[in-house]
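Scroll down for the structure; my scribbles are underneath it.
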Amino acid sequence: MPGIQIVIDCADAARLVEFWSLVLDYVPSPPPEGFETWNDWYRSVGVPDEELDLTRDATDRLMDPARVGPPIWFQPVPEGKTVKNRLHLDVYVGRDERGDKLPYAERRQRVRAKADLLIAAGARELRCEDAPEYGRFSMTLADPEGNEFCLA
């Protein structure tokens, strides 16, 4: 099975690395072996300084510390987001360690708590589905650059 990397176009990669590390419990990816910083690596493959964030030299990548989930690259692009995502992530915060849904009340509490944390970090709440009669609770948020994702 081929591996994958998720690529998210953005304006401020360092900002989204910080934000999405909270969403996913991921950590910034270290630069490739033999390089002190990501900018050193980018220079080695021919990326000119004018295309690099020289003010922070921060990573533009995240990784799952358990190395189970796919890596994510926040690719700076000149254009801003203008329409709804055609692809989004569902982040399961209301599940146990096996991946099974928690009871409605506990799931609702966990999703709401994570949403509150992310809103404080720059997310926007877009929608909330609360249907206790069907055991459903989820929230749709947008990251600081407007990319939609769901907490369930």
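Remarks
- So Val111, is it of a type outside the set (Ser, Thr, Tyr), in contact (Cβ under 8 Å) with a residue 40 or more places away in the chain, in contact with a helix residue (DSSP H, G or I) (Cβ under 8 Å, 6 or more places away or on another chain) and over 30 Å from Thr37 (Cβ atoms): no
- Where Arg67 falls short, out of the listed (1) modelled with pLDDT under 95; (2) of a type outside the set (S, T, N, Q); (3) within 12 Å of the chain's Cα centre (by Cα): (3)
- Every condition in (1) within 28 Å of Ala152 (Cα to Cα); (2) open to solvent by 80 Å² or more (accessible area, probe 1.4 Å) is met by Arg43 except one, and the failing one is (1).
- Considering residues of region 49-86 that are hydroxyl-bearing (Ser, Thr, Tyr) and either open to solvent by 80 Å² or more (accessible area, probe 1.4 Å) or outside any loop (DSSP other than H, G, I, E, B) (or both) only, the residue farthest from Ala13 (Cα to Cα): Thr82
- Leu24 being under 21 Å from Ala120 (Cβ atoms) and either acidic (Asp, Glu) or open to solvent by less than 60 Å² (accessible area, probe 1.4 Å) (or both): yes
- Residues in region 87-108 that are within 18 Å of the chain's Cα centre (by Cα), of a type outside the set (A, V, I, L, M) and open to solvent by less than 50 Å² (accessible area, probe 1.4 Å): Gly94 alone.
- Just one of the numbered conditions (1) touching a strand residue (DSSP E or B) at 6+ places or on another chain (Cβ under 6 Å); (2) within 16 Å of Leu16 (Cα to Cα); (3) at pLDDT 95 or above is not true of Ala152: (2).
- When region 27-55 is filtered for residues that are under 30 Å from Cys150 (Cα atoms) and touching a helix residue (DSSP H, G or I) at 6+ places or on another chain (Cβ under 7 Å), the ones remaining, listed by number, are Val27, Pro28, Pro31, Asp53.
- Residue identified as under 23 Å from Lys114 (Cβ atoms) and among the hydrophobic types (A, V, I, L, M, F, W, C) among Phe74, Phe35: Phe74
- Of everything in region 127-148 that is touching a residue at least 40 places away in the same chain (Cβ under 8 Å) and closer than 19 Å to Ala14 by Cα, the residue that is surrounded by the fewest Cβ atoms within 10 Å (Cβ to Cβ) is Gly146.
- If you go through region 1-48 and keep only what is over 22 Å from the mean Cα position of the chain (by Cα), assigned to a loop (DSSP other than H, G, I, E, B) and aromatic (Phe, Trp, Tyr), you end up with just Phe35.
The values are calculated or read from the model by the stated rules, or taken from the named source; none is laboratory data. Worth saying up front: this structure is predicted, and the values here are computed from it rather than measured. For neighbour counting, all protein chains shown are included, and Cβ atoms are generated from backbone atoms with ideal geometry for every residue, glycine included. Remember, those area values only see protein heavy atoms, side chains included, never the ligands or the DNA or RNA. Shrake-Rupley method; radii C 1.70, N 1.55, O 1.52, S 1.80 Å.
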